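First comes the structure, then the notes that go with it.
The values are calculated or read from the model by the stated rules, or taken from the named source; none is laboratory data. Computed from a prediction, not measured in an experiment: that's the story for all the values here. Cβ sites come from the backbone with ideal geometry, for glycine too, and all protein chains shown count toward neighbours. The protein model used for the area step is the full one, side chains on, heavy atoms only, and it has no ligands, DNA or RNA in it. Shrake-Rupley method; radii C 1.70, N 1.55, O 1.52, S 1.80 Å.
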Amino acid sequence: MICPHCSKDLIQRQRTGRRCTYCRKEFALDPKIDGAGLHDLRIRKAVWKLSDGGRLVVTAGQLNHSLQHRGRPPQKYRGDKSVAGGLFVPGGILTLIGLGTILTPVGPWLLLPAALLIGFAIRQWTLSDVPAPDESVHSRWTEDQFRTTVLNRWRTTYGALPPGLVEDGLVPSTPPPARPAFVLLCPDRTVIAFLYANRYPERHRALLVRDLREVPAGLPLVVLHDASPQGHLLAADARAARPGLRVLDAGLSVRTVLVDQTKYTLLRDLYRSEELYLRLERSVPELTGSQRAWFAEGWWTPLAALAPKRLLAIADRAAERITAPPTAGAPAARRTGPVRSPAAGRPESPLETRRRALAVGFMSWPEPDPDGAPGGAGGARPDGPGLGKGPA
């Protein structure tokens, strides 16, 4: 590793006790002790990048997410075919030698290690397609582990956290605005702390809450959530609880994550209840089959793992949209899905669509009668070049 004080390249024996043998100064993190690739310079670089060159204040939770693996972790298996090949070759050689010298005192003793090597090779080969236990259920460090491993060590060494980094639970919450313009609902404590640290409530006159039951009546609502079943259900519950009021879902959607999973921190929850998926199917019917399958595998992406600059831009854009006055005569939102029959409240059949189109004269051309003469519901075709003549 590189010494953060004198920039010397240190091997393991030159940094015993987290101290450089050249400048004799102590550093906070050692990649051999505290995790592969984790050292002081990497932490400082990560904080500088997350804070957009010092323009933002970021939280320890966001730093923790930034140090995790991006995208789906590579699948590991219980066996390895290359190991099987490496064991089978010496096992086969010993077998041939043992069989060739079977009548000598040494020959039978060679067959025993040969049999063991071939047995281990067969086991490695047969297990090469059997997945190993999943290691992507949790992030590398929990909140408490990250505080102990990184934050407390850093404070002990340097006396304070790097500039631009604050701990989630130590960000002071400002008093709520006297006349809030809207309410922002987000259950993630890290995201709320990040918005407070960057003066989001003062800039937008926003009231920040973490529970739907804390949302006051009569104010527009912005919902920020993870790309998870719980997050999508939170947005659906917010709409159902506030009929007639403006509710803007500005959270991270599973559709966005599935465009390119390699750009996001993917975590896995293998202990979701079946009731959660049943509620998701009832309350969020617009999810596609691939999106439901992704959730069914246990995957989810935390909102706090987004780049802080992007996260703040999403929240700022949501504030502008929710407080913008409605445009007079603005067209209604585009409808998706099949057209509903006004009478039956069900998907309209092709025959009903055709009848309704004919009733208003839409694209109605005459159709030939059984004798070949033009006619039909559309009336006579207008005369003109290339159009033919109408019925006599």
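Annotations for the structure displayed:
- Global geometry of region 193-314, whether rounded, prolate or oblate, following the gyration tensor of its Cα atoms and the 1.5 cut on a/c: oblate
- Whole-Hz ³J(HN,Hα) from phi, Karplus 6.51 cos²θ - 1.76 cosθ + 1.60, for region 192-203, glycine and proline x: 4, 5, 4, 5, 5, 5, 9, 6, 5, x, 5, 5
- Take region 162-240 with all the other protein chains still there, run a 1.4 Å probe, and you get 44 Å² of accessible area per residue.
- Averaged over residues, the count of other Cβ atoms within 10 Å places the peptides 143-154, 279-290 in the sequence 143-154, 279-290, highest first.
- Averaged over its residues, region 1-126 has an accessible area of 61 Å² per residue, based on protein heavy atoms and a 1.4 Å probe.
- Beta bridges per DSSP, both residues in region 163-311: antiparallel share near 25 percent.
- Sites matching trypsin sites (Lys or Arg not before Pro) across region 8-58 that sit in DSSP coil, with at most 13 neighbouring C-beta atoms within 10 Å: Arg24, Lys25, Arg55
- Relative to one another, the C-alpha centroids of region 32-50 and region 235-260 are positioned 35 Å apart.
- Annotation: amide H of Val222 within the under-5 Å range of Val183, Leu184, Leu185, Leu248, sequence separation 5 or more or interchain, hydrogens built in the peptide plane.
- Sorting the segments 203-210, 91-98 by their residues' average number of neighbouring beta-carbon atoms within 10 angstrom, most packed first, yields 203-210, 91-98.
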